[in-house]
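See below for the structure under consideration.
The values are calculated or read from the model by the stated rules, or taken from the named source; none is laboratory data. Since this is a predicted model, take the numbers as computed values, not measurements. Backbone-built Cβ (ideal geometry, glycine too); neighbour counts: all protein chains shown. Just so you know, the surface numbers come from the protein's heavy atoms only, side chains and all, with ligands and any DNA or RNA stripped out. Shrake-Rupley method; radii C 1.70, N 1.55, O 1.52, S 1.80 Å.
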Amino acid sequence: MEKSHLSQVRDFLPPNLEEASSPSSGAPDFLKRKQWWLSTYQKARKARRKKTKCFLYRKLAQDTLFPLHQVALYRSLLSCPLKVSQKKYFLTVPPYLTSLALEAQIRWSRAFQKGQLPQFYLEKSKKSRFYPDKVKWLRRALRLAKGEEKKRLQQRLYRISPSRAPWRLKKNNLLAVAYDYRRRHMYPQAQRTYLKVLYQKRFSRKEKIKALKGLRVTYKLQRKKKKALKASRALVAFLLTHKVSPEDLLEPWIDLARAYWTLGEDQRAFRVLDLIEKRLKGQVSLAKVYWLKARIYEEHQKMKTAAFWLKKALDEGGEADLQEEIKWLLAWNHFKEKHYQKAKELLEDLLNTSSDEGLKNKYQFWLAKSYRQLGQEDLAKKLFEDLAQREVAHFYGLISYGELGKDLKFQKQELRQVASSSKESEPWHLLVPYMDVVFTEWLLAVEENELARDYLNQVSVRLRKKAVSLEVWLAFLKDYARAGEYLSLFYQLGQLSAERRKEIVQKQPTLVFPQPFREEVKKASRRFQVPSAFIYAIMRQESAFNRKARSHMDALGLMQILDRVARKLASQAHVPYHHPHDLYDPSVNISLGAFLLRKLWKKYQGQTILTIASYNASEEAVRGWMRSRYRGDPLVFIEDIPYEETQSYVKLVLRNYMFYQMLEAQEKGVPFPQKLFQLAQR
């Protein structure tokens, strides 16, 4: 890159960055001009009166040297009186400004060309990422559309949301209608629609099977376990009556056995599994049937019987992933039964044959534990040290520090801080060949974070096509962090190779484990006596720091809290709360989440593992696991949590918690937090 070009870029950077970068040729007058740009834009964003906004944005838009003059133009069109001649500004729009320009275009059309509004509302619907927003903008378009355009929009609405169609259109598309009711959380309507499919002769056998499966899912979403079980029984009965293929029958039948097991009706589960074996033996692999029998016997601590069924499952053959899972369970069974030699042999085989890096870390950790139990301390230590050094951001890598009796600590060269307010020199020059650095830095300086995200997303496509260095990726990803767009940052990390992700964690861990909303977290931490590292650990896992996060169960905000739960917590914690949208306010959401963590922590008498598990699963389930699965070793208990989602959640939150403790300690390090892993049967 030519020095003259870099010097030109440097001179146009926002004042705060320019000062940090030691400007080479920026004249004092031009520095004052830049300071005026920055202060004027900030005033415009904060101004409440439209007249003030209009005046300031228009001033900025007229200065073509201002790197964001085009952004300021569209902002002015959202606050200034409009003119017909301004239509020309919408003819050519850069891709990363389309959302902002579309808002301005809608406002302009309301004033001068109302006939075009349906077209722009449709565009807004297409650009919306979430189903409710897509429907909202389409319905607005429909209210204004006429003639053929209205018909086209109606058809589009009925494709996106078929439950809104007139009955004559619904009746031939009932499965899609039922699914849409389910998506809208209109469960009684969804159930009635599925039942219509079942009771009307015109629907095919395949459609009726889909209806029964949909009915079961709907009851599960409502947490009506007994009705879900009834739907599972009805599905199996239907499949048996209509003599479907063994392959189509196997999974629903196994699901029925699992449903009985989940409800604690183990004998009924065994009767179903015995019936499957009797009816389908020799026609399909019964590996999953035997695997489920083993899991139930294991829960009752009948380890020899469980091992018998796992060996039978291995003999059945079948899919490679299932065979690996069965082999792991057999090794795990041997470990818990203190048959460490047998466990070691199976784990060595799994470590050598598995292609899944995450699973290989698990196998390596428990292989090291087996070596230790067999008195092979040198081999155990070697495996633990390898995990600790290689997987610094992995659950098994971090708990290996505990096995080695070492403090959790970053190497000096590994720790880099990421802070949007940092005055340190930025490696912006690395990005000059790949993007408009001046444009990006000004977007970040004036907190146009969503526009910065859209621009960075455009650039990321180009970067992934090039073999760019680690330093370039670090500088690029840091811009997402400075914009507070962590969800996009984590998405971009997920697109990189596993090796590159590890390098990024080692070089700049605070990129992967950021600490936004510091004031809100600090305040909630002090008020409710919950460590800030714990709040961040939960928040990272629940929402990836997306304050607008919304789950399919309508849990909202940073710590994913349901409205009905929030109302109870707010009353108890004396936190102002009036409407579900209040959960999008970081101060409210973090306060309620911290209060809930404190309540659970007290309930479980300071046992962090149970606190985390009950934040994700029901308290009833957690009590059941403690009764049937806790054998004195907390790590074994975590590995034995039967809900895969909750087991993974507990590991990830503990990983996050330990990592945030390391970040808080900086280079000093912290003793391995044994207290996090304390459990006691009560």
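Laid out as a table, the results:
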item: ASP454 vs. criteria open to solvent by less than 10 Å² (accessible area, probe 1.4 Å), of a type in the set (Asp, Glu) and assigned to a helix (DSSP H, G or I); result: no
item: Extreme residue, surrounded by the fewest Cβ atoms within 10 Å (Cβ to Cβ), among residues of the range 524-557 that are of a type in the set (Phe, Trp, Tyr) and out of contact with any Gly (no Cβ under 8 Å at 6 or more places or on another chain); result: PHE528
item: Residue, modelled with the highest pLDDT, within the range 419-440, restricted to residues that are surrounded by fewer than 13 Cβ atoms within 10 Å (Cβ to Cβ) and among the charged types (D, E, K, R); result: GLU424
item: Qualifying residue in the range 627-644 (condition: within 23 Å of ALA566 (Cα to Cα), without any contact (Cβ under 8 Å) to a residue 60 or more places away in the chain and of a type in the set (A, V, I, L, M)); result: no
item: Selection within the range 254-278 - open to solvent by 20 Å² or more (accessible area, probe 1.4 Å) and farther than 17 Å from LYS225 by Cβ; result: GLN267, PHE270, ARG271, ASP274, LEU275, GLU277, LYS278
item: Counted residues, the range 633-671 - those being open to solvent by 50 Å² or more (accessible area, probe 1.4 Å) and not aromatic (Phe, Trp, Tyr); result: 10
item: Boolean, ARG139 is open to solvent by 20 Å² or more (accessible area, probe 1.4 Å), free of Cβ contacts under 8 Å to residues at least 40 places away in the same chain, more than 29 Å from LEU68 (Cα to Cα) and not hydrophobic (A, V, I, L, M, F, W, C); result: yes
item: HIS581, sole failed condition from (1) surrounded by fewer than 22 Cβ atoms within 10 Å (Cβ to Cβ); (2) within 22 Å of the chain's Cα centre (by Cα); (3) at pLDDT 95 or above; result: (3)
item: Selection count where residues are surrounded by fewer than 20 Cβ atoms within 10 Å (Cβ to Cβ) and part of a helix (DSSP H, G or I), scope the range 123-133; result: 6
item: Residue selected from the range 558-569 under the condition within 24 Å of VAL512 (Cβ to Cβ) and among the hydrophobic types (A, V, I, L, M, F, W, C), by the criterion surrounded by the most Cβ atoms within 10 Å (Cβ to Cβ); result: LEU558
item: Which numbered condition GLN191 fails, given (1) closer than 28 Å to LYS136 by Cα; (2) modelled with pLDDT under 95; result: (2)
item: Condition check for SER370: touching a Lys or Arg at 6+ places or on another chain (Cβ under 6 Å) and of a type in the set (Ser, Thr, Tyr); result: yes
